[in-house]
Number of protein chains: 4
Amino acid sequence: MTDSEKIPDFVKGDFIVNRRDVTVEWGHCDPAGIVFHPRFIEYFDWACALLLEKATGFKKAQMREAYGFAGFPIVDLQAKFLVPVTYGDDVKIYSTIASLKRSSFGIKHCLTKNGAVAVECTQTRVWCVADPADPKKLKAAAVPDEVVARLKRRT
Amino acid sequence: MTDSEKIPDFVKGDFIVNRRDVTVEWGHCDPAGIVFHPRFIEYFDWACALLLEKATGFKKAQMREAYGFAGFPIVDLQAKFLVPVTYGDDVKIYSTIASLKRSSFGIKHCLTKNGAVAVECTQTRVWCVADPADPKKLKAAAVPDEVVARLKRRT
Amino acid sequence: MTDSEKIPDFVKGDFIVNRRDVTVEWGHCDPAGIVFHPRFIEYFDWACALLLEKATGFKKAQMREAYGFAGFPIVDLQAKFLVPVTYGDDVKIYSTIASLKRSSFGIKHCLTKNGAVAVECTQTRVWCVADPADPKKLKAAAVPDEVVARLKRRT
Amino acid sequence: MTDSEKIPDFVKGDFIVNRRDVTVEWGHCDPAGIVFHPRFIEYFDWACALLLEKATGFKKAQMREAYGFAGFPIVDLQAKFLVPVTYGDDVKIYSTIASLKRSSFGIKHCLTKNGAVAVECTQTRVWCVADPADPKKLKAAAVPDEVVARLKRRT
C-alpha cells in the first residue's frame, strides 16, 4: 500500500490493515453477469487469513504450529452489497480488526472497485485449539497476547 | 413436509415455508473437516429461488418471463453459525419471508441438523427489472401483487 | 432407478450403477448462462462417493473407519462436454466402475438432460491408507476384496 | 517471467506462454487437507482467459466486443494430478496453445509447485459467436486470424 492510497473509512482504526488485490474471474459471476455473492464471502475468508499472516509473519499453516491453534471458525457474518462487480474487474479488499474479545475477534473487510466501496463485511470468529478431551473437536481459547499486539497499528 | 414435522421457530410466521434437503458433500468442507461457510451462503441462495418457485409455481427461468423481472440481487446478508456440519450430514433448510417492502424483501433461512438449528441466515433482496434506458442494467421495481399474495400462508 | 429407465450405454457393464439426480443451480452457471464446467467436475466428485456408498452400504465417513482408508485422491480426469446445461435443469448422473486395478480404479460418469447425454467423465483414483511412517501422508493400498465384490453387479 | 525461469517442457512450443501465480486458499482444500480437484479446473479456466488476454491485449469483456465473439465453451478436458498441493502453497500456472483448428483450439496448462509439475491439463474449446438465427444461442466460428497471429511466439 502506498502512503497516498485512500484507505476506506470502514477499516480505519487502531489496527493494521491488510490489502488484498483480486481480479474477478468469469467463473465467479452468475448468469446476470455479476459476482455470485458467496464468492465475495470466499474472498473475505481468505482475506482474514492474510490479515493474520501479515500481523504475525506466519503463514496460516505455520500459525497452527506456532500458536497450537486449530482454526478460527466463523460464528457471525454480516455483509452489505452496494455496487455490482463483474468479471475482469480489479478490486481491492481492505481488512482490519473490528473488535477483540478474550477468545473471539471481529474482522471488517471493505471491497472497493475504482475507489468506490462495493461490499462491506464483518465476520466474528472464535480462536480455537484442539480440545484436550477429544483432539478431533475444537475448543475456544484466548487469543494469544502476541497475536493481539501484532494486530495493533504501530504508531 | 409432513404436518408433524417441527418447523423451526426462526421461520414461523405469516408466510409459506419451503424446505430444501441437502446432503453435505466432501468438497463443501475445508481442511478442518467442516463446511466451508461460503457454501452455506450458496445453499441459501438457491433456497431463496426455491421458495419463490414454490410460491409462484414457476421455475426461476420462467419467473423471469412471467414477471418480466431480471433478478433479485442481494443487498444485505446476515448469518449465524451455531453448530458445525460435516460431509455426509443430511441437513434441512427451511426458508420463508422475513419482511416485504415495495421493491425489496427479506428472506430467512434456517438450516437444521438432526433437529438442531445449525445456521440461521437473513437476506435482503431487491426485485429488479431491466432498466428501459439500458437493458443491460437492472432497476428496482415493485414486487408484483400476485407474488406477494402467493408468498402468504393460506389459512 | 426403475427397470424401464434407459441406462446410458456409457455406463453399461459388469458393475453396479448409481444414479444421482441434481437440479442445476443459478450459482453453478456463468455469465453465458450455462454451467461453469468445474461445477460438473464437482458433481462427479460426489457422485463417486455415492457410488461407493451404494456399493458398500457405508457413508463416506464410515468407509474411512470400516476400511481404514484415508481417501481416494484423483490422478487422472477426462471429460467431454456435449450439450449445454443451464440453471433449473434437472439432470441425472449415472456412475459406474470403468476399470479396477490392485490399488486404483476408474469411474465413469454420464450426465443426461432429458435423456440426452450432456457430459461424460472418467476419473482414475487411487485407494489410499494413512502412511504408517507418517500418518499425515497417504499411501496407496489394495482396494479391499469386499469393496470390489460389492461394486460388481449381482446377476 | 524472467529469462532464467525454467518453463516446463509441457508448455514449450511455438506459442506464447502465460504465467499465472496463485496462492492456494484454505477454502480450496478439502478435509484431506489438499486442493479439491475441481478448484484446479477453475484455476485453468481463468488461466485460459488470461492467455488470450496476454495475446490480444484485450480483457475478456473487451474481446467479446473486439471480435464479436460470445465465448469459448469447453468441449474436452483432460488432467493429470501428480503432486498434492495444500493451502498456502504458492503455485505457478503456465498456459499455452496446444493446437489450433479453424474454429477450435487446444490449451495446455502446467501447474508447478516449487519447480515440480503438480498438475497438467489440456482443454479443447470452441470459438463461438452469437447465432444470427437466435442471438441467445452460440455458433462455432473461425478463430480470427489476428488472434491466431498474436498467440504465436515472436521469434
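The values are calculated or read from the model by the stated rules, or taken from the named source; none is laboratory data. Since the structure is predicted, the reported quantities are computational estimates derived from the model, not experimental observations. All Cβ positions, glycine included, derive from the backbone under ideal geometry; neighbour counts span all protein chains shown. Please note that ligands, DNA and RNA were not included when accessible areas were found on the heavy atoms of the full protein model with its side chains. Shrake-Rupley method; radii C 1.70, N 1.55, O 1.52, S 1.80 Å.
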Total residues in region D:83-104, condition open to solvent by less than 50 Å² (accessible area, probe 1.4 Å), touching a Leu at 6+ places or on another chain (Cβ under 8 Å) and within 13 Å of D:Leu151 (Cα to Cα) | 3
Does region A:27-60 hold any residues that are in a helix (DSSP H, G or I) and of a type in the set (Phe, Trp, Tyr), and which are they?
-> A:Phe40, A:Tyr43, A:Phe44, A:Trp46
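Take the residues in region B:70-93 that are over 24 Å from A:Gln123 (Cβ atoms) and not aliphatic (A, V, I, L, M), then tell me which one is modelled with the lowest pLDDT.
So in region B:70-93, the residues over 24 Å from A:Gln123 (Cβ atoms) come out as B:70-72, B:88, B:90, B:92.
Narrowing further to those that are not aliphatic (A, V, I, L, M): B:71-72, B:88, B:90, B:92.
Working: B:Gly71: 83, B:Phe72: 92, B:Gly88: 95, B:Asp90: 97, B:Lys92: 98.
Here the residue is B:Gly71.
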Just wondering, is there one or more residues in region A:1-22 that are open to solvent by less than 10 Å² (accessible area, probe 1.4 Å), free of Cβ contacts under 8 Å to residues at least 60 places away in the same chain and either among the polar types (S, T, N, Q) or over 15 Å from A:Val117 (Cα atoms) (or both)?
-> no
Subset of region C:45-66, residues polar (S, T, N, Q) and more than 20 Å from C:His109 (Cβ to Cβ), comes to C:Gln62
Lone unmet requirement of (1) over 12 Å from the mean Cα position of the chain (by Cα); (2) buried (at least 23 other Cβ atoms within 10 Å of the Cβ); (3) facing chain B (nearest Cβ under 9 Å) for A:Val35 = (3)
Looking only at region B:61-82, decide whether some residue is of a type in the set (Lys, Arg), part of a helix (DSSP H, G or I), away from chain A (no Cβ under 12 Å) and open to solvent by 40 Å² or more (accessible area, probe 1.4 Å).
-> no
Those residues of region B:105-128 which are open to solvent by 40 Å² or more (accessible area, probe 1.4 Å) and closer than 23 Å to B:Leu151 by Cα amount to B:Lys108, B:Glu120, B:Thr122, B:Thr124
Mind checking which residues of region A:119-155 are under 16 Å from the mean Cα position of the chain (by Cα) and part of a strand (DSSP E or B)?
-> A:Val119, A:Glu120, A:Cys121, A:Thr122, A:Gln123, A:Thr124, A:Arg125, A:Val126, A:Lys152
If we keep only residues of region A:135-149 that are aliphatic (A, V, I, L, M) and in contact (Cβ under 8 Å) with a residue 12 or more places away in the chain, then the residue nearest to A:Lys60 (Cα to Cα) is A:Val147
Unique residue being buried (at least 17 other Cβ atoms within 10 Å of the Cβ) and either hydroxyl-bearing (Ser, Thr, Tyr) or away from chain A (no Cβ under 14 Å) (or both) when the list is D:Ala47, D:Ala55, D:Ala133 | D:Ala55
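This table checks each residue for (1) within 14 Å of chain B (Cβ to nearest Cβ); (2) closer than 21 Å to D:Cys48 by Cβ; (3) modelled with pLDDT of 95 or more.
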position: A:Phe15; (1), (2), (3): no, no, yes
position: A:Thr23; (1), (2), (3): no, yes, yes
position: A:Gly27; (1), (2), (3): yes, yes, yes
position: A:Tyr43; (1), (2), (3): yes, no, yes
Could you give every pair whose Cβ atoms fall below 9 Å, whose first residue belongs to region A:82-111 and is on the phi > 0 side of the Ramachandran plot, and whose second residue is part of a loop (DSSP other than H, G, I, E, B) and open to solvent by 30 Å² or more (accessible area, probe 1.4 Å), counting only separations of at least 6 or pairs across chains?
-> A:Gly88/D:Lys59
Of the conditions (1) within 20 Å of A:Arg20 (Cα to Cα); (2) without any contact (Cβ under 8 Å) to a residue 12 or more places away in the chain, D:Pro31 fails just one. Which one is it?
-> (1)
